[in-house]
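Heads up: the structure comes next, in structure tokens.
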Amino acid sequence: PMDIRLVGLALGTFAIGIEGFVVASLLPQIAADTGVTLVQAGYLVVMFALAYALGAPVLAALTGSADRRVILAGSATTFVIGAILAAFAPSYAFLTAARLLIGMSAGLYAATAQATAVAISESHHRARAISVIVGGTTLAVAFGAPLGALIASFAGWRGTYIFIALIGAAATTFVWFLLPRGLRADRLTLRQRLGVIRHPGLLPALVTMLLYMAGGFIVFTYIAAIAVQGTGLSRAMVPLVLLAFGLGAALGNVVGGQLSDRFGPTRTVIAASFLNAASLMAISWIMQWPHEIAGPALTTIMVLWGLAAWLFPPAQASRVLEIAPESAPLALSLNGSALYLGIASGSFIGGLIIANLGLEYLGWIGGAFPLLGLGVMRLASVNARKTELSVA
């Protein structure tokens, strides 16, 4: 039977996942409401992702020896406060500050939730425990973000933030009442945490993750504009476009884990990278078609793209665990940081592409990034082989 405590932890990652993935569909509304351009609104994604990527290891080091129940409930509460502040933000600057707060608390929560899931599970259920926590994010992408976008279509983007705050509050309550007291982690300094990068092969794996996510978020951050301006869909169709992506993502997450077990994580990562690159380039190609076929084609390709994009994370996590098995929680949290640095850089690069070239170039350029990631993997394996030969 499912451990109810894991469900409580996953509810938190569900709330975080909705906030992280729904914002792409809200950007045109936020831009219009706060009087900024779409590209400036895109910086909200950059700020959140940077706060998450850089905040998680720093905060985890600072709170290392504290009771995990207190850290989780505290970070979830801070996340809720951030969402409420965002809902009532009077200006763009205030909203940016609220998203920084949300990003830092989300990073600390997610890192602690994974480590706690492992700590309260028996050793042979570890992988399953982590998959439940990650499942919270997958469900958020599949159903939470489209639901958030739907709420925004009748209650505005601020209404979506109230919805996120309510789910966050439920997660806080669950965590506080269900988790045992006195669960403590090993006290590790920031230097010890980052020292895991010195594992042979881990840094190239993290760079592959960063490039993969950057490519996807060059496009995903601006998906509402792509749907409405690029393919002529009505704004009311944006939740459906997100739902199409989400259904593909839910399927990809399951299939990615299974392919990884059967054919090995490295082969799965290579296959996912090629599929992701092809999907991203197809989105740019579709924007050149007449609107009556471009809109339906975009909705269809979103399912395939969701599948391709989410084949990667379970296989990548398996690769990271193979590279640094004895430092699993630390290596996985660095993998999470690489993921969010990828989101930040992708959103930023996407903004530059829109400002200087135009919307229709996003996919062509975005599609090159997963292929660059494969190049990094190839170089790393060639170097590893040379090192082995010279040692032998």
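Tabulated data
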read-out	value
Index of the failed condition, GLU322 passing every other in (1) farther than 21 Å from GLY20 by Cβ; (2) open to solvent by less than 30 Å² (accessible area, probe 1.4 Å); (3) out of contact with any Leu (no Cβ under 9 Å at 6 or more places or on another chain)	(2)
The listed residue being under 18 Å from THR208 (Cα atoms), open to solvent by 10 Å² or more (accessible area, probe 1.4 Å), hydroxyl-bearing (Ser, Thr, Tyr) and in contact with a helix residue (DSSP H, G or I) (Cβ under 9 Å, 6 or more places away or on another chain), out of SER327, SER333, SER347	SER333
Matching residues in the range 247-265 - criterion: being touching a Phe, Trp or Tyr at 6+ places or on another chain (Cβ under 8 Å) and within 22 Å of PHE369 (Cβ to Cβ)	GLY248, ALA249, GLY252, ASN253, GLY256
Meets criteria (in contact (Cβ under 8 Å) with a residue 60 or more places away in the chain and of a type in the set (Lys, Arg)) for ARG262	no
In the range 332-350, the residues that are under 25 Å from THR266 (Cα atoms) and β-branched (Val, Ile, Thr)	ILE343
One residue from ALA119, ALA93, ALA61 being surrounded by fewer than 18 Cβ atoms within 10 Å (Cβ to Cβ) and modelled with pLDDT of 95 or more	ALA93
Residue within the range 157-175 that is farther than 28 Å from PHE220 by Cα, open to solvent by 30 Å² or more (accessible area, probe 1.4 Å), more than 21 Å from the chain's Cα centre (by Cα) and of a type outside the set (Gly, Ala, Ser) present	yes
Residue within the range 23-36 that is surrounded by fewer than 22 Cβ atoms within 10 Å (Cβ to Cβ) and under 27 Å from ILE120 (Cβ atoms) present	no
Cβ pairs under 7 Å, 6+ apart, first in the range 10-31 and farther than 19 Å from ARG128 by Cβ, second surrounded by fewer than 24 Cβ atoms within 10 Å (Cβ to Cβ) and of a type in the set (Phe, Trp, Tyr)	none
Residue that is nearest to ARG267 (Cα to Cα) [pool: residues in the range 351-392 that are at pLDDT below 95 and polar (S, T, N, Q)]	SER381
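Residue-by-condition table, conditions (1) closer than 14 Å to GLY367 by Cβ; (2) in contact (Cβ under 8 Å) with a residue 12 or more places away in the chain; (3) in a loop (DSSP other than H, G, I, E, B); (4) within 14 Å of the chain's Cα centre (by Cα):
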site	(1), (2), (3), (4)
ARG191	no, no, no, no
GLY195	no, no, no, no
ALA205	no, yes, no, no
THR208	no, yes, no, no
LEU211	yes, yes, no, yes
ALA214	yes, yes, no, yes
PHE217	yes, yes, no, yes
ALA225	no, yes, no, no
GLN229	no, yes, no, no
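The values are calculated or read from the model by the stated rules, or taken from the named source; none is laboratory data. Computed from a prediction, not measured in an experiment: that's the story for all the values here. Note that we place each Cβ from the backbone using ideal geometry, even for glycine, and neighbour counts take in every protein chain shown. Note: accessible area is taken over every heavy atom of the protein model, side chains too, but ligands, DNA and RNA are not part of it. Shrake-Rupley method; radii C 1.70, N 1.55, O 1.52, S 1.80 Å.
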